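The values are calculated or read from the model by the stated rules, or taken from the named source; none is laboratory data. Since the structure is predicted, the reported quantities are computational estimates derived from the model, not experimental observations. Reconstructed Cβ throughout: ideal geometry from the backbone, glycine too, with neighbour counts over all protein chains shown. Side chains are part of the model used for accessible areas, which takes the heavy atoms of the whole protein and leaves out ligands, DNA and RNA. Shrake-Rupley method; radii C 1.70, N 1.55, O 1.52, S 1.80 Å.
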Amino acid sequence: METNEPIYIRNMVCDRCRMVVRELFAELGIETRSVELGVVRTAAPVAEELRKRLSERLRIVEQVKTEIIRLVHRDNGALRVNLSDRLSEITRHEYSQISKLFSETTGTTVEKYFIAQKIERVKELLAYGELSLGEIADLMNYSSAAHLSAQFKSLTGMT
């Protein structure tokens, strides 16, 4: 069964998201009429099988993002888990597949996304002023405050 209903996509928040979604649709051979934040309108009806493939790919990426955000922003202690094993467990896919799909869909690697989320959390913790840099480094599972500082400067340009 084919349908020409709009396709709704959660967490599209920027022009990069629109570009990536447009590329994903093209890769699956689906011509788009418009790609806006959160909704895609296709030029022609989309077969149910293609909708399922598209949905599955986007679902996996969403699961990865959600789990990384949960690990970093809510479950600080859980950062000691092996990320690739954890993502494979929750998505029920091999990490190599997850990594490839995530990179193709988001334009960044899982590891870079994870580090960016950790640095965002570090910024929050620094703003609260309740923990020392060493305590934050330990909480965020960095080997040392120096390693955290180097990664922070690399991503933000600030010391």
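A Gaussian network model of the chain, with springs between Cα atoms under 10 Å, assigns the largest mean-square fluctuation among 46, 64, 110 to 46.
Run the Debye formula on the Cα coordinates of the chain, all scatterers equal and no solvent, and tell me log10 I(q)/I(0) at q = 0.13, 0.14, 0.19, 0.21 1/Å. Each listed q corresponds, in turn, to -0.70, -0.78, -1.15, -1.29.
The spacing between region 1-63 and region 83-159, judged by their C-alpha centroids, is 28 Å. Taking 117, 63, 97 in turn, the Gaussian network model of the chain (Cα-Cα springs below 10 Å) assigns the largest fluctuation to 97. Applying the criteria of a DSSP loop state and at most 14 other Cβ atoms within 10 Å to the GluC sites (Glu not before Pro) of region 61-114 yields 94.
The mean sequence distance of close C-alpha pairs (under 8 Å, at least 6 residues apart), as a share of the length of the chain, puts its relative contact order at 18 percent.
The phi-based Karplus calculation (6.51 cos²θ - 1.76 cosθ + 1.60; θ = phi - 60°) puts the 3J(HN,Hα) values of region 83-100 at 4, 5, 5, 5, 5, 5, 5, 6, 8, 6, 9, 5, 4, 4, 5, 4, 4, 4 Hz, whole numbers, x for Gly and Pro. The trypsin sites (Lys or Arg not before Pro) of region 22-108 that meet both conditions, a loop assignment by DSSP and at most 11 other Cβ atoms within 10 Å of the site Cβ, are 92.
Note that the chain presents 58 Å² accessible area per residue, ligands and nucleic acids not counted, probe 1.4 Å. Radius of gyration over Kirkwood radius for region 1-58, both on Cα atoms: the Rg/Rh ratio is 0.92.
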